[in-house]
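A short worksheet on the structure shown next.
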Amino acid sequence: MSTRRELITLLGGAGLLCVANARRARAQPAAMPVIGYVGPADAGGRGVPHFIAAFGEGLADAGYTEGKNVAIEYRGAEGHSERLPVLIVDLVRRQVAVIVVSGDVATLVAKGATSTIPIVFATGSDPVRSGLVASLNRPGGNATGATVIAGPLGAKRMELMREVLPKAGAIGILINPNNPNAEPETADVQAAARPIGQPIHVLRVASEAEIEQAFAALAQAKVGALLVSPDPLFLPSRQRFVALAARYAVPTIYYAREYADAGGLMSYGASFAGLYRQCGNYVGQILKGARPADLPVVQPTKFELVINLKTAKALGLDVPDTLLARADEVIE
C-alpha cells in the first residue's frame, strides 16, 4: 500500500509539473523570426540608408517591425564579391527565416547555398535572363523579389547622352565584370551603336579600388561621355563616381536617380527605393506563410529621367529644350 501511495504521489506530482511547464511555455514569447540581409557593399547597404528605410516600410506594410516582431541580421561584402558565399552560408547554417540579397551575383550564390530557405532578391536586371527564376509570373523554386530591369536600358541611356552630345567621339561604358548581366548589357549597347558608327569603349571595375583607375583610363582614351552600368557595388560609391566625373569633365549618365541627386549629370531608370520597399513587403508575406514560388517578380511600371542642370552648366553643356521638357525632374 505504501508503494502504491508513493506511486500515486509521484504521478500526481509529475502531472502538476507538466501542467506548470505547459503554462510556463505558453507564457514565454515565441522567438522572433530572423531575416538575413546581405549587401554587396557595406553591411546591409548602409551606404544607401534610404533603401534600408524603404525595406523597413515594406515590412511594416506587411505587419512587421524590426526589433518588435522580427530581427534582421545585416551582412556586407565590403565590395568583395568573393566574400558573398561565406556570408550567405553562415546565414543558411543559422537557419534564418528569409534571406534578402541585392544583385544577381548574391542571388545566384544564395540559390546555390539553399533550396529550402526563402530568398527575396532586389536586382537591376531581368531575372529570367539571369536564370534566377523560371518566369516572372511563376518564379518557381525558393526565390522571388523585385527588379528595376536597369540593364537592358543601356541603349536608351546612350541615346539620351547623344541628344546632349550629338558629336561625341567614343562613348565609354563602365561595367563590373563579375556581374553576369554586364556583358549582355555591353552587347546591347554595342549593337545599338553599330548602325550609327558610334565607337564604344568598355571599362571594367570589379572593386571600389579600381574606380579611380577606370576614370584615368577613360581620360587617356579620350572618351567623350560615359554610361555607368547598373551594379549594386557602384551605388554606395556614387559620390566618388560623381566627383571623378567632375574632375575629368566627363559627361556621365547613370541608372539611378541617386547619382543625379548627388551631382551626376543625368540618370534614367526606375525607382530603387520602390524596389526595396517591395522586397520588404514580400518578406512580410513570406513570414506569414506565402511561398516564393507563388509570388510574381515585381517589375517597374515607370522609368524616370532626371537631369542635373547645375552640373550640365559646370560642364559647359547646353541641354536641348526638347530633352528638358521630357525630363521627370530637372535639378537646378
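At-a-glance table
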| item | result |
| --- | --- |
| Residues whose placed amide H lies under 5 Å from that of residue 70, excluding near-sequence neighbours | 65 |
| Which of 167, 111 has the fewest Cβ neighbours within 10 Å, and the rest in rising order | 167, 111 |
| Long-range tail of P(r) for the range 164-254 (Cα pairs > 22 Å, %) | 21 |
| Protection proxy ranking, peptides 72-82, 190-200, average beta carbon neighbours within 10 Å, highest first | 72-82, 190-200 |
| With Cα atoms, 0 to 90° folded angle of helix 104-113 axis to the chain main axis | 30 |
| Kirkwood estimate for the range 104-196, i.e. one over the average of 1/r between Cα atoms, Å | 14.8 |
| Extended-chain gain in nm, criterion 0.36 nm per residue less alpha-carbon gap, residue 90 and residue 196 | 33.2 nm |
| Cα gyration tensor of the range 230-332 - equivalent ellipsoid semi-axes, whole Å, descending | 34, 16, 9 |
| 9 Å beta-carbon shell around residue 306, net charge (K/R +1, D/E -1) | -3 |
| Geometric extent, Cα atoms of the range 47-124 - Rg, Dmax (angstrom) | 12.7, 35 |
| Cross-link reach list, aspartates and glutamates versus residue 156, counting only Cα pairs under 13 Å and skipping chain neighbours closer than eight places | 185, 188, 304 |
| Whole-angstrom gap from the range 217-270 to the range 74-92, using each part's C-alpha centre | 26 |
| Calculated P(r) of the chain - Cα pairs past 24 Å, % | 58 |
| DSSP beta bridges in the chain [antiparallel fraction, %, rounded to 5] | 10 |
| For a label point 7 Å along the Cα-to-beta-carbon line of residue 325, residues of the range 136-173 with backbone N under 20 Å | 159-166 |
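We did not get these values from a lab; they are worked out from the coordinates using the rules stated. From a predicted model like this one, the values you see are computed outputs, not experimental measurements. Methodologically, a virtual Cβ is constructed for each residue, glycine included, from the backbone with ideal geometry; neighbour enumeration extends over all protein chains shown.
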